[in-house]
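K.L.:
The structure under discussion is supplied below as structure tokens; questions concerning it will follow.
The values are calculated or read from the model by the stated rules, or taken from the named source; none is laboratory data. Fair warning: this is a prediction, and the values are worked out from it, not measured in the lab. Positions of Cβ are backbone-derived with ideal geometry, glycine not excepted, and every protein chain shown enters the neighbour counts.
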């Protein structure tokens, strides 16, 4: 079981709510994926409107609601959005996204760390989205982040785990769960992240813009399970040199 | 900071006219495009390959924006204008009944849009700073800000300090179209008023971005000069803004002059095919730029383009000040081509397997209101 702060999750796949062709498709795709934690952009929803197209469809009994601060360009804006989420959305969980470049949506390490420090002190459970930077990961962990969420590749690119070496170091060093977020474009990418030892992955675009988002949600759910199972089963070592399964290496002379 | 410099149109004509089908095919295989590649996509050869451009544009749009279209509506607050622009319905020379909404009247118009479901509103006025100035816009923003996700303006160019004031008051973005990047043509059609200053207008998006505005909208009228050249400079302007103001979102609009509009005949009218090529070319050039398709275009065209490149649609627009509260009112800036209301446009978007999104920003991002 995945444990974040004081909450446990059976599913290690986190879902998103952006880019779907309708709220109905979003709901079905999330259901088929088995995700239990779902992130929602605060810019996209009106938490005060009971008829909001996303919030009215999302079953908060079934999904752990993880509001995110997408669009915030500095710590101050992210913190203001966090306060909104807590006051109106009734949660102190937050996926912290500080993305000052609206084009690449890459996270600002300085502002993310600053916001994490402040929000943790204010009692938020902070899950910061970050570049795959091992030292930043440790700094966020020291600041009290509940997880670290390094990107696999630039968001929305579906390129998979381009940051492999850095994510391996992050996983090796982390004491909090590592959630690979952004860039995962195919179930095989998600499986690879899980095989590496990531505690969870977050997938949105690859499911939302798939030809059949519902089937793709299921495919990601299965891949995450398979990848985790493989990690727990401990993978055989891999290398560049051929290794015969019944080696004859000429050691018969040994006494 | 160096200013954006517009090359003379004669400098890049061969880039626009020499590409072959093979050149276009090569560009369609690329991920990162050079400005010369945009010229290739704007070439006559590329115009013969619209289906291939459409496929690429649609795939990029789907990946970057998903299956969503953001909805907005304009509120015209004043038709007073000090400029004399030969093509415009609000031109100072035109003997039309001018109207400026009081703050209360403007608020009524905005409330009507909020009740209809709009959360992104564009405030538009003629350019008469003595009428609709910074104080008016700031007060209107303060009064209405908490009812809308985003408030943008399309008014006279302002100073950076004025944009700071408006941003603090809750204005999210600024749209200002160069109308034409062709300096000679610009001088021929902008006969009087502040707008006759080509460079001041050209530098406006930069001043707005510098002041912290979240988004700047740029565009060129299609019909005043050669649309291919305008499109290429539009791409240069876009890339320049990206480089210098990386925190600012950029969107592009495509105000296409319709020959039927008023007495003015655009000298180089562009048809739907040309508009389509320009839109696809810009999408393939810049994957993340917001592309706006307003109600200037007809229902048939707007329905057809859903999912192929545009990311933002207006609906139910009235271009006369006070026209939402008083539908019989006259004095439009231009007549719209798509008369459907928000619900009807949303229904068409859903039929095309896309989600019409009315809220994609939040008042919480900005302070001071």
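K.L.:
With respect to residue B:306, determine if the residue is more than 10 Å from chain A (Cβ to nearest Cβ), over 18 Å from residue B:119 (Cβ atoms) and surrounded by 19 or more Cβ atoms within 10 Å (Cβ to Cβ).
P.N.:
When the stated conditions are applied, residue B:306 passes them.
K.L.:
Out of the residues in the stretch A:8-24 meeting the condition of being more than 8 Å from chain B (Cβ to nearest Cβ) and over 22 Å from residue A:183 (Cβ atoms), tell me which one is modelled with the lowest pLDDT.
P.N.:
A:24
K.L.:
Let me confirm something: among B:29, B:63, which residue is surrounded by fewer than 18 Cβ atoms within 10 Å (Cβ to Cβ), out of contact with any strand residue (DSSP E or B) (no Cβ under 6 Å at 6 or more places or on another chain) and within 14 Å of chain A (Cβ to nearest Cβ)?
P.N.:
On inspection, the qualifying residue turns out to be B:63.
K.L.:
Kindly establish whether residue A:106 is away from chain B (no Cβ under 13 Å), in a loop (DSSP other than H, G, I, E, B), out of contact with any strand residue (DSSP E or B) (no Cβ under 6 Å at 6 or more places or on another chain) and in contact (Cβ under 8 Å) with a residue 12 or more places away in the chain.
P.N.:
Considered against the rule, which asks whether it is away from chain B (no Cβ under 13 Å), in a loop (DSSP other than H, G, I, E, B), out of contact with any strand residue (DSSP E or B) (no Cβ under 6 Å at 6 or more places or on another chain) and in contact (Cβ under 8 Å) with a residue 12 or more places away in the chain, residue A:106 comes out as no.
K.L.:
If you don't mind, there's one more thing I want to ask. Hey, can you tell me all the residues within the stretch A:89-101 that are more than 15 Å from residue A:129 (Cβ to Cβ) and either facing chain B (nearest Cβ under 10 Å) or under 20 Å from the mean Cα position of the chain (by Cα) (or both)?
P.N.:
A:91, A:92
K.L.:
Just checking, which of B:321, B:267 is away from chain A (no Cβ under 14 Å) and either under 16 Å from the mean Cα position of the chain (by Cα) or surrounded by fewer than 15 Cβ atoms within 10 Å (Cβ to Cβ) (or both)?
P.N.:
Answer to the selection: B:267.
K.L.:
Among what's in the stretch B:334-369 and is more than 14 Å from every other protein chain (Cβ to nearest Cβ) and surrounded by fewer than 22 Cβ atoms within 10 Å (Cβ to Cβ), pick the residue that is farthest from the chain's Cα centre (by Cα).
P.N.:
Residue satisfying both the conditions and the ranking: B:344.
Here is a yes/no grid of residues against (1) surrounded by fewer than 17 Cβ atoms within 10 Å (Cβ to Cβ); (2) away from chain B (no Cβ under 14 Å); (3) out of contact with any strand residue (DSSP E or B) (no Cβ under 6 Å at 6 or more places or on another chain); (4) assigned to a helix (DSSP H, G or I):
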| residue | (1), (2), (3), (4) |
| --- | --- |
| A:161 | no, yes, yes, no |
| A:167 | no, yes, no, yes |
| A:218 | no, yes, yes, yes |
| A:223 | no, yes, yes, yes |
| A:229 | yes, yes, yes, yes |
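K.L.:
Would you mind stating whether residue B:284 is closer than 26 Å to residue A:25 by Cα and either free of Cβ contacts under 8 Å to residues at least 40 places away in the same chain or surrounded by 22 or more Cβ atoms within 10 Å (Cβ to Cβ) (or both)?
P.N.:
So residue B:284 does not fit the description; no.
K.L.:
Of the numbered conditions (1) outside any helix (DSSP H, G or I); (2) under 20 Å from residue B:69 (Cα atoms); (3) in contact with a strand residue (DSSP E or B) (Cβ under 9 Å, 6 or more places away or on another chain), residue B:278 satisfies every one except a single condition; which is it?
P.N.:
Condition not satisfied by residue B:278: (1).
K.L.:
Another one. Considering only the stretch B:75-82, I want to know if a residue exists there that is touching a helix residue (DSSP H, G or I) at 6+ places or on another chain (Cβ under 6 Å) and either without any contact (Cβ under 8 Å) to a residue 40 or more places away in the chain or within 14 Å of chain A (Cβ to nearest Cβ) (or both).
P.N.:
No, that holds for no residue.
K.L.:
What number goes with the only condition from (1) at the interface with chain B (Cβ under 8 Å from one of its Cβ atoms); (2) in contact with a helix residue (DSSP H, G or I) (Cβ under 6 Å, 6 or more places away or on another chain); (3) touching a residue at least 24 places away in the same chain (Cβ under 8 Å) that residue A:77 does not pass?
P.N.:
With (1) at the interface with chain B (Cβ under 8 Å from one of its Cβ atoms); (2) in contact with a helix residue (DSSP H, G or I) (Cβ under 6 Å, 6 or more places away or on another chain); (3) touching a residue at least 24 places away in the same chain (Cβ under 8 Å) applied to residue A:77, the lone miss is (3).
K.L.:
When you look at residue A:132, is it over 30 Å from residue A:49 (Cα atoms), in a loop (DSSP other than H, G, I, E, B), touching a residue at least 24 places away in the same chain (Cβ under 8 Å) and away from chain B (no Cβ under 14 Å), yes or no?
P.N.:
Answer is yes for this residue.
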